[in-house]
Amino acid sequence: MTTLSSAQKEIPPDMIDLGIGQPSPGLLPVEVIASAAAHCTEHPGCMLLPYGSEQGDGHFRVALSEFLEGIYRMPLDPAHLLVTNGASQGLDLICTLFSKAGDSIFVEEPTYFLARKIFADHHLRPVALPMDADGLIIEALKEQLKLTRPAFLYTIPTYHNPTSVCLSAARREQLAEVSQRYDFTVVADEVYHPLSYTLAPPPPLAHFCTSAHVISLGSFSKILAPGLRLGWLQAAPAVIERVVQCGLLDSGGGLNPFTSGVVRSAMELGLVDANLRLLKNTYARRMQAMCSALRSRLPGSVQFTDPEGGFFIWLTLPDDTDTRELLSKAKKRNVEFMPGPRFSSRQELKNCLRLSFAYYDTPELMEGVERLSAVIRAR
Ligand SMILES: Cc1ncc(COP(=O)(O)O)c(C=O)c1O
């Protein structure tokens, strides 16, 4: 049978897989990359092909800091940035350098399912902390700190994957303060921060990176293209220095110098800003259409909150639902989603599921919602 390939997953042709949290192929900016590549290779002596400097090219980091200043609304020093191959690789590097097998780490419940896999590769022990509508519950964190000291705490503060919840501004301050007081590192995965569709989100945790206790991860995967494998780590100089000294960078030089040269041109030409505007308009439209379709089609027993940004809608079904069983039924009707237990460090959340509006355009999203609602109603 022919299948549509969405990287990381093969999709049968009639299937609408609302679980896929990636941009649609049509949103990948081939022309932007072609123009930027032409622009950066035009300069005689352009330095894209030797080993790169360990922290990442200085011109790229200047362009990135200016781009981020616009999004984060704060001054940003390029010396606090280090180039990565994306947030996943940044996280893997943090696990390598700042934890050892058997260490406890704190994660939100639920959390990004593939980060769970990275932690498992490093033999770390996730301790799940509860969230509510304002994100991670700081009182629960403080209680847990009386019992365990983590190697680090991993959080997705803005447009969380899978819930889309934002950590409130007050809790961001409390988290930074608690990490100082109890002396542990907060790793903030902020890949969705630039994708706001309604109100601006609270200031990123990157805001607190002047302290050695907060490391922020960012990526071009959600705002340009995941195939670029380009991201950054923002941290205080002591942390950057530790990473710069690591064996990986010592042997291979800075990560992705060629691609960072291309993306530097894209930023300097204003193409990344323009692409981000296009993505925000497109995703906002899809999100609104999907939320209204879900509201009118789903039974009243299914709950969700409209996201304000990011890629995801998190549904909570009645307690006695098992969304893994529901998924087997859904596949027979050519619709898929991501069942809640994949995001749980306690094998819980059986009655929840994640949908995404990033991969399909509105007509397919509408059809997907129609099929999914029929499966839920027939349950
Ligand atoms: C929270 C979160 N972090 C990281 C990633 C992966 O980022 P990257 O492509 O930069 O490795 C994703 C992608 O789905 C994600 O949702």
(request) Taking just the C-alpha trace of the stretch 70-109, give me its Rg and Dmax in Å. (result) 14.0, 40
(request) For the stretch 275-354, compute Rh as the Kirkwood radius over C-alpha pairs and then the Stokes-Einstein diffusion coefficient at 25 °C and 0.890 mPa s; write the answer in µm²/s, rounded to an integer. (result) 177 µm²/s
(request) Calculate, for L199 and E364, the FRET efficiency according to 1/(1 + (r/R0)^6) with r their C-beta to C-beta distance and R0 35 Å; round to the nearest 0.05. (result) 0.80
(message) Need the C-alpha centroid separation for the stretch 350-379 versus the stretch 52-90, integer Å.
(response) 37 Å
(message) Starting from 0.36 nm per residue, how many nanometres of slack lie between R295 and A38 once their C-alpha separation is accounted for?
(response) 87.9 nm
(request) Above 22 angstrom, tally the Cα pairs of the stretch 165-302 and express them as a % of all pairs, no decimals. (result) 54 percent
(request) For the chain, set up a Gaussian network in which alpha carbons nearer than 10 Å are linked by springs, and say which option among L76, L18, L48 fluctuates the most. (result) L48
(request) Classify the chain as rounded, prolate or oblate from the Cα gyration tensor: take a ≥ b ≥ c as the square roots of its eigenvalues, call it rounded if a/c is under 1.5, otherwise prolate when a/b beats b/c and oblate if not. (result) oblate
(message) Relative contact order of the stretch 86-224, please, whole-number percent, based on alpha carbon pairs below 8 angstrom and at least 6 residues apart.
(response) 24 percent
(request) Can you tell me the dipole magnitude for the chain around its Cα centre, using point charges on the Cβ only (Lys, Arg +1; Asp, Glu -1), in Debye to the nearest 20? (result) 920 debye
(message) I want to check the label-to-label distance for E69 and A378. Put each point 7 Å from Cα in the C-beta direction and report it in nm to one decimal.
(response) 5.8 nm
(request) Determine the relative contact order of the stretch 273-350: mean sequence separation of Cα pairs under 8 Å and six or more apart, normalised by residue count, in whole percent. (result) 17 percent
(request) Describe numerically, in nm with one decimal, the distance between label points set 7 Å from Cα along Cα→Cβ at L269 and at K100. (result) 4.9 nm
(message) Give me the tail of P(r) for the stretch 44-181 as a percent: Cα-Cα pairs with distance above 22 Å.
(response) 50 percent
(request) Taking only Cα atoms and a 10 Å spring cutoff, compute GNM fluctuations for the chain and point out the largest among P110, P299, P13. (result) P13
(request) Evaluate the stretch 174-213: find the radius of gyration of its Cα atoms, find its Kirkwood radius, and give the ratio Rg to Rh. (result) 1.04
(request) Quick one: Debye curve from the alpha-carbon atoms of the stretch 158-233 only, equal weights, vacuum; give me log10 I(q)/I(0) at q = 0.15 Å⁻¹ to two decimals. (result) -0.54
(message) Could you tell me what a quarter of the Cα convex hull surface of the stretch 315-376 works out to, in nm² with one decimal place?
(response) 4.2 nm²
(request) Take every DSSP beta bridge with both residues inside the chain and express the antiparallel ones as a percent of the total, to the nearest 5. (result) 55 percent
(request) State which entries of K280/K331; K100/K146; K280/K350; K100/K350; K117/K332; K329/K350 exceed 24 angstrom in Cα-Cα distance in the structure shown. (result) K280/K331; K280/K350; K100/K350; K117/K332
(message) Given the options L175, V244, S104, identify the residue whose Cα lies farthest towards the positive end of the charge dipole of the chain (+1 on Cβ of Lys, Arg; -1 on Cβ of Asp, Glu).
(response) S104
(request) Note the per residue figure in Å³ for the convex hull of the C-alpha positions in the stretch 1-125. (result) 210 Å³
(request) Considering only DSSP beta bridges where both residues belong to the stretch 119-221, give the percentage that are antiparallel (nearest 5). (result) 20 percent
(request) Over the chain, calculate the relative contact order: mean separation of alpha carbon pairs under 8 Å at least 6 apart, over the residue count, as a percent. (result) 24 percent
(request) Could you list F60, F113 in order of exposure, starting from the residue whose Cβ has the fewest other Cβ atoms within 10 Å? (result) F113, F60
(message) Using alpha carbons only, how many angstrom separate the centre of the stretch 219-271 from the centre of the stretch 111-169?
(response) 25 Å
(request) Let me know the Rg and Dmax you get for the stretch 106-219 when you use only its Cα atoms, in Å. (result) 13.1, 39
(message) For E42, E367, which order do you get if you count the other beta carbons within 10 Å of each Cβ and list the fewest first?
(response) E42, E367
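The numbers here are math on the coordinates, done by the rules we state, and not lab data. All values reported here derive from a predicted model rather than from experimental measurement. Please note: Cβ atoms are built from the backbone with ideal geometry, for glycine as well, and neighbour counts cover all protein chains shown.
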